[in-house]
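> Please see the structure below; I have some questions.
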């Protein structure tokens with residue numbers, strides 16, 4: 001199409017070309033982005049508190065990432081690592097060996113998406129243990145492939161109409177303290193939801209049949225549900241006692257999102273297998289499984305991999321991302337950002353009755369909106385209205401959770417102070433309008 005393009009024109013073209021099932025939050029189309037700002041095709045500016053769903057931790061179009069992509073594209077864009085390998089995969093694997101938690105020898109498999117990383121982690125676990133079953137958790141999200149959907153808890157929109165699902169996947173209750181499935185109170189509960197796993201073995205799946213347990217350190221799509229610090233150490237101990245591998249799905253929580261490179265560092269748990277994606281390559285399709293070498297090496301040659309896995313352009317982007325973390329002290333920035341956000345969100349909870357709970361770690365924070373703090377009735381319609389209020393005023397935010405009533409914050413870690421202040425002001429004004 002020649003000449004200026006409007007959002008309305010693009011929406012008209014979209015309706016004839018893109019399936020309705022592939023929906024978008026907004027009807028505005030991006031022209032460019034820089035740092036924590038996005039600009040649509042009509043020139044409007046938006047402060048990005050969504051980060052492409054936790055993908056842009058280093059910000060949009062970071063100069064070092066752009067330069068790495070351009071340089072690699074001029075050299076070659078694909079050979080298939082399984083046919084004609086190249087050094088970038090090895091260099092990036094060495095970097096991830098160093099930063100992924102675990103005081104043991106590690107190996108790294110590169111694939112394309114978070115769902116593929118989850119699929120491969122489960123494949124490796126089943127292969128090495130010779131056991132079929134996998135334990136996932138209620139409210140968890142692990143992707144949109146058939147196995148990913150099976151591991152995922154939320155039915156609509158992710159699973160509805162797409163079954164039957166993969167066998168030998170079992171869902172246990174998660175440590176959702178705000179809505180405890182056992183009607184207990186922390187800390188007097190002594191984290192009994194973790195101990196419940198012993199009973200779960202009696203009524204759902206035997207530990208001798210269980211290859212792995214997969215957990216998100218903070219459940220992303222599930223509502224930023226953040227367990228108490230004792231929870232994962234208890235689960236890991238139970239896994240170790242029963243020969244069950246512990247998979248940490250760090251796809252959304254990793255790469256600095258919680259103020260440490262990986263969220264499991266907060267509870268000092270070393271997963272046997274860790275999945276990484278999203279902000280790993282600043283928007284380029286790349287994911288990884290990082291695991292104990294003896295596990296990763298047990299699979300026969302050719303048993304894992306993929307045509308595009310470890311794409312050279314994506315690997316160069318990821319190497320640039322890790323350089324940005326080091327050269328710009330991005331983890332320190334993330335910690336400072338987390339302090340500011342926690343203070344502001346706690347203030348929101350004190351001022352506005354609609355904010356029932358504030359949770360998360362570091363700059364990975366969320367507010368659960370409720371109609372009434374006593375009944376905790378979810379404020380789903382209000383959350384939807386808040387998204388629109390903010391977007392109309394130039395702020396992009398996301399909802400999540402089983403009731404879609406949780407407002408999550410995933411702004412780039414490089415966001416500037418004036419942009420952050422402006423975005424939080426818009427968010428507070430929106431909360432105030434709902435509270436009235």
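> Starting with the highest mean, order 392-402, 270-280 by the number of other Cβ atoms within 10 Å, averaged over the residues of each peptide. Walk me through the numbers before you get to the answer.
Working: 392-402: 20.2, 270-280: 26.7.
Output ranking for 392-402, 270-280: 270-280, 392-402.
> Okay, next question. Taking neighbour Cβ counts within 10 Å as the exposure measure, how do 78, 60, 22, 266 sort from fewest upward?
22, 78, 266, 60
> Quick check on packing: order 98-106, 364-372, 290-298 by the mean number of other C-beta atoms within 10 Å, highest mean leading.
On the way: 98-106: 15.4, 364-372: 22.9, 290-298: 18.6.
Output ranking for 98-106, 364-372, 290-298: 364-372, 290-298, 98-106.
> Fully extended, how many nm does the chain gain between residue 91 and residue 146 (0.36 nm per residue separation, minus their Cα-Cα distance)? Numbers along the way, then the final one.
Details: separation 55, 0.36 × 55 = 19.80 nm, distance 3.19 nm.
The residue 91-residue 146 span can extend by a further 16.6 nm.
> Right, another one. How much length, in nm to one decimal, is gained on full extension between residue 160 and residue 199, taken as 0.36 nm per residue of separation minus their Cα-Cα distance?
Details: separation 39, 0.36 × 39 = 14.04 nm, distance 2.92 nm.
Working it through step by step, the gained length comes to 11.1 nm.
> Please report the spacing between the Cα centers of the range 377-398 and the range 156-176 in Å, no decimals.
Using only Cα atoms, the two centres lie 27 Å from each other.
> Turning to a different aspect of this structure: Test of understanding: ordering 13, 316 by Cβ neighbours within 10 Å, fewest first, what list do you get? Intermediate results must be reported in sequence, preceding the final value.
On the way: 13 12, 316 24.
Fewest to most other Cβ atoms nearby, the residues stand as 13, 316.
> Using the Kirkwood radius built from alpha carbon pairs, what does the Stokes-Einstein equation give as D for the range 323-436 at 10 °C and 1.306 mPa s, in µm² per second? Don't skip to the end; give the middle numbers.
Values: Rh = 14.5 Å.
The estimated diffusion coefficient comes to 110 µm²/s.
> How long is the gain from residue 8 to residue 39 if the chain were fully straight, where each residue apart is worth 0.36 nm and the alpha carbon distance is subtracted? Mind dumping the intermediate values first?
Details: separation 31, 0.36 × 31 = 11.16 nm, distance 1.56 nm.
Between residue 8 and residue 39, full extension yields 9.6 nm more.
> For residue 241 and residue 82, what does the FRET efficiency come to when R0 = 35 Å and r is the distance between their Cβ atoms, rounded to the nearest 0.05?
Working: r = 38 Å, r/R0 = 1.07.
That pair, residue 241 with residue 82, gives E of 0.40.
> Under a 10 Å cutoff between Cα atoms, tell me which one of 54, 206, 317 has the largest fluctuation in the Gaussian network model of the chain.
Comparing 54, 206, 317 in the GNM, the peak value goes to 206.
> Let me ask you something else. Find the centroid of the Cα atoms in the range 1-41 and in the range 319-346, then give the distance between the two in whole Å.
30 Å
> Which translational diffusion coefficient, to the nearest whole µm²/s, is obtained for the chain from the Stokes-Einstein equation, given a Kirkwood hydrodynamic radius over C-alpha pairs, 20 °C and 1.002 mPa s? Each step should come with its number before you reach the end.
Numbers: Rh = 22.5 Å.
D = 95 µm²/s.
> Sorted by mean Cβ packing within 10 Å, highest first, what order do the peptides 119-127, 25-33 take? Walk me through the numbers before you get to the answer.
Working: 119-127: 22.9, 25-33: 14.6.
Top to bottom by mean Cβ count within 10 Å: 119-127, 25-33.
> Also: Using a Gaussian network model of the chain with C-alpha springs under 10 Å, which one of 167, 217, 285 is most mobile by mean-square fluctuation?
Among 167, 217, 285, the largest mean-square fluctuation in the Gaussian network model of the chain belongs to 167.
> Cα atoms only, the range 185-245: Rg and Dmax in Å?
12.3, 32
> Okay, next question. Hey, how many Å between the Cα centroid of the range 78-100 and the Cα centroid of the range 216-249?
The distance from the Cα centre of the range 78-100 to that of the range 216-249 comes to 28 Å.
> Using a Förster distance of 22 angstrom, determine the FRET efficiency expected from the C-beta separation of residue 107 and residue 130, and round it to 0.05.
On the way: r = 20 Å, r/R0 = 0.90.
Efficiency, from the Cβ-Cβ distance: 0.65.
> What is the distance, in nm, between label points placed 7 Å from the Cα along the Cα-to-Cβ direction at residue 373 and at residue 67?
A separation of 5.1 nm, rounded to one decimal place.
> Counting other C-beta atoms within 10 Å, which of 40, 332 has the fewest, and how do the rest follow? Mind showing how you got there, number by number?
Values: 40 18, 332 11.
With the sparsest Cβ surroundings first, the list reads 332, 40.
> Take the alpha carbon atoms of the range 363-423, find their radius of gyration, then divide it by 2.2 N^0.38 Å using N residues; give the quotient. If you can, show how the numbers build up before the last one.
On the way: Rg = 12.7 Å, N = 61, 2.2 N^0.38 = 10.5 Å.
Rg over 2.2 N^0.38 Å, computed on Cα atoms: 1.21.
> Considering only the range 65-327, what is the antiparallel percent among its DSSP beta bridges, to the nearest 5? Could you put the intermediate results ahead of the total?
Values: 11 of 25 bridges.
Just about 45 percent of them are antiparallel.
Here, each number is a calculation from the coordinates, and none is a lab measurement. Being a predicted model, the structure only gives us computed values, none of them experimental. Here the Cβ is made from the backbone with ideal geometry for all residues, glycine too, and neighbour counts use every protein chain on show.
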